[in-house]
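Since the structure comes first, as structure tokens, the remarks are kept for the end.
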Amino acid sequence: MRIAYLDCFSGISGDMLLAALVDAGADRDRIEGELRKLSLGDFRLEWKKVVKTGVSALKLDVIDENIPPVQPLKTIKVLGQHDHHHHRGYKEIVEMIEAADLAPRVTARALAIFEKIAVAEAKIHSVPVETVHFHEVGALDSIVDVVGIALGLEELGIDLIYSGHVPTGNGYVRCDHGLYPVPAPATMEMLIGIPLRSTAIQKELTTPTGAGVAAALVHEFGDLPSMTVESIGYGAGTRDLPDQPNVLRLLVGRRT
């Protein structure tokens, strides 16, 4: 049985995990080809090697070609500023993924992640799940991350996913609705029942997408399982941390 272990000592996000999967051997060209089946308009993926506190890792940036060049991909909204993001509803995302004709396990995993996020958002905002309207997680980059992760896992033939305890980080994060303590409410909701690891870092380390992956796909949390490691991938985050690399280490191999 092929397994993967998420060594998420610096947290987990969608782009970190997708980059780690490619760094561990998943074919990025095939992943990009499958992602083109989604009705997302024009986008491109930029991959580059970076060094995070002495550790070489793969960094992924999803570039939305539908946004005018002068508009950054991610901005803090100010009064009077027009928002160019397409914020999609849960129902729209489900229909998009189901219509893409992806492999059955890819579709199932991607939908499982979005279901966890939708259920958490519905509870936090006290609305029916089918009416949930995503903001940050409904943006193009988050959809690419989630479906790309499901594609990367399939590329590597991963049957089960294990993970270390999840560090959330501390401090505050600005979301579409305002300033929230870390972890943000929906993120915390998804982490119920998942063992967390304390850290003094005053940054958001685990994003809503990362929490959705942990809640939907991880079979067991704890120390490294008995396995024969066949490949290792490092996915870089966006943070520059003072005492540790902001990377996700992914171990891929066979259960022993």
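The values are calculated or read from the model by the stated rules, or taken from the named source; none is laboratory data. Please read all numbers here as calculations on a predicted model, not as lab measurements. We place every Cβ from the backbone using ideal geometry, glycine too, and count neighbours over all the protein chains shown. Heads up: the accessible areas ignore ligands, DNA and RNA and are worked out on the full protein's heavy atoms, side chains in. Shrake-Rupley method; radii C 1.70, N 1.55, O 1.52, S 1.80 Å.
Listed values, structure above:
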item	result
Residue pairs meeting the criteria (Cβ under 7 Å; at least 6 apart or on separate chains; first touching a residue at least 24 places away in the same chain (Cβ under 8 Å), in the stretch 48-59; second open to solvent by 70 Å² or more (accessible area, probe 1.4 Å) and among the charged types (D, E, K, R))	SER56/LYS49; LEU58/LYS49; LYS59/LYS48
Residue in the stretch 236-250 that is in contact with a Gly (Cβ under 8 Å, 6 or more places away or on another chain), open to solvent by 10 Å² or more (accessible area, probe 1.4 Å), of a type in the set (A, V, I, L, M, F, W, C) and part of a strand (DSSP E or B) present	no
Residue count for the stretch 192-218, restricted to those that are out of contact with any strand residue (DSSP E or B) (no Cβ under 8 Å at 6 or more places or on another chain), in a loop (DSSP other than H, G, I, E, B) and either among the aromatic types (Phe, Trp, Tyr) or closer than 23 Å to ALA118 by Cβ (or both)	2
Per-region count, the stretch 137-151, residues open to solvent by 10 Å² or more (accessible area, probe 1.4 Å) and under 19 Å from ILE3 (Cα atoms)	1
Options GLU130, GLU154: the member that is open to solvent by 60 Å² or more (accessible area, probe 1.4 Å), modelled with pLDDT of 95 or more and not polar (S, T, N, Q)	GLU154
Filter pass, VAL182 being touching a residue at least 24 places away in the same chain (Cβ under 8 Å), surrounded by 18 or more Cβ atoms within 10 Å (Cβ to Cβ), in contact with a Phe, Trp or Tyr (Cβ under 8 Å, 6 or more places away or on another chain) and not hydroxyl-bearing (Ser, Thr, Tyr)	no
